[in-house]
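What follows is a set of notes on a single structure, which appears directly below.
The values are calculated or read from the model by the stated rules, or taken from the named source; none is laboratory data. Treat the numbers as computed from the prediction; the structure is a model and nothing was measured. No Cβ is skipped: glycine too gets one built from the backbone with ideal geometry, and neighbour counts run over all protein chains shown. Note: accessible area is taken over every heavy atom of the protein model, side chains too, but ligands, DNA and RNA are not part of it. Shrake-Rupley method; radii C 1.70, N 1.55, O 1.52, S 1.80 Å.
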Amino acid sequence: MNLVITCEHGGNHIPKIFEPYLRIPSEILNSHLGYDLGALDFSKLLYQYLKPNFNLFYLTNEQTRLLIDYNRSLNHPHLFSKYSKSLPPEHKKILLDNYHDFRTKVMNYVKKSIDSHHQVIHLSIHSFTPIWKGKERKTEIGILFDPKKNEELQLALIFRKNIPFLCHFNLPYRGISDGHTQSLRNLFSKKYLGIEIEINQKFIRKSYFPKEFKENLIESILKSLKIYHSQENKNENV
C-alpha cells in the first residue's frame, strides 16, 4: 500500500511577477478565501508521522488559490478567481504550467504505484471556515469520499471510528464534487482511494492548529491506516 498526501490550498503566497496585476485586499488574502488556514502545517506534520510506516509521496502548494485553484478541473468556472481571470495570457500560462506540474507529479506517482500492483491511498488535506452564511457548522472533521466505492467507504468508516472528534461523511462538501481526488478517481477506477480530510478552523489558534490537537488527530489517522492495511492483507491471504 502506497500513500499520497497533498495540500492544494496550503498557502496564500503571491509570486512577485503577479503582484503588479493583482488587487487582492489583505483581509481576503489572509482569510479562508485565500488559503486553507492550518492545512499546510498539519500536512507537514502528518507526513513526518506517516513516512516511517508507508511508502509515501508528499506534495504541497503554497501559492494562494486566488491565482489558480489546484483543486479545480481545467473547465471549472472558478479555476481562476475574479482577481486573476483578467491576468495577461503569458501570466496565465505560468499559472497553468505550475498547475499541470503539480497535478502531473501526483498522477505519475499514482500510475507508477498501480502499475507496480500497489493500492494507493490519497489523503488530500483541507480546512474549512466554522461559520458559513451566518450558520455554525457542527462538523469538526469532514471525511470526503465516493460512497459508491466500497474501499473508500470502508476506510472512511475506520477513520470515523478512530478519530476522537465529531466526524461527518461528505460534509461540509460532497466527496464527489469537482476536485483533485475526483479527477484521479476518473483516471484510476481501481486501486486508487481518494479521501479528503477537512478540518474545522474553529480549532485554529494564531493561524495554526494547536500541537496537542494535531498530534491527536494524526495519531488516529495513523492508527486507522494501519488497521485498514492489516485488513487488506488478511483479505488478500484468504
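Across the cross-link table entries K44/K149; K112/K190; K44/K112; K148/K191, which are compared at the Cα atoms, the separations over 19 Å belong to K44/K149; K44/K112.
Apolar share of the accessible surface for the chain: 52 percent from carbon plus sulfur atoms, 1.4 Å probe. Using the Cβ of I158 as centre and a radius below 12 Å, the other residues enclosed give a net charge of +1, where K and R count +1 and D and E count -1. Couplings 3J(HN,Hα) of the stretch 82-97, computed from phi: 5, 7, 10, 5, 9, 4, x, x, 5, 7, 5, 4, 4, 5, 5, 4 Hz, in residue order, whole Hz [Karplus 6.51 cos²θ - 1.76 cosθ + 1.60, θ = phi - 60°; x for Gly and Pro]. Evaluated at 25 °C with a viscosity of 0.890 mPa s, what Stokes-Einstein diffusion coefficient in µm²/s does the chain have when Rh comes from the Kirkwood expression over alpha-carbon pairs? Translational diffusion coefficient: 133 µm²/s. In the stretch 118-170, Cα pairs under 8 Å separated by at least six residues give a relative contact order of 37 percent.
For the chain, adding -39500 (n - 2.57) for each run of n ≥ 4 DSSP H residues and dividing by the number of residues yields -12500 deg cm²/dmol at 222 nm. Rolling a 1.4 angstrom probe over the protein heavy atoms with all chains in place gives the chain an accessible area of 51 Å² per residue. Each residue of the stretch 180-192 is assigned a 3J(HN,Hα), and the resulting list reads 4, 5, 5, 5, 6, 4, 5, 7, 10, 6, 10, 6, 10 Hz, derived from the Karplus form 6.51 cos²θ - 1.76 cosθ + 1.60 (θ = phi - 60°), x at Gly and Pro.
If you wrap the tightest convex hull around every Cα atom of the stretch 66-188 and split its volume per residue, you get 123 Å³.
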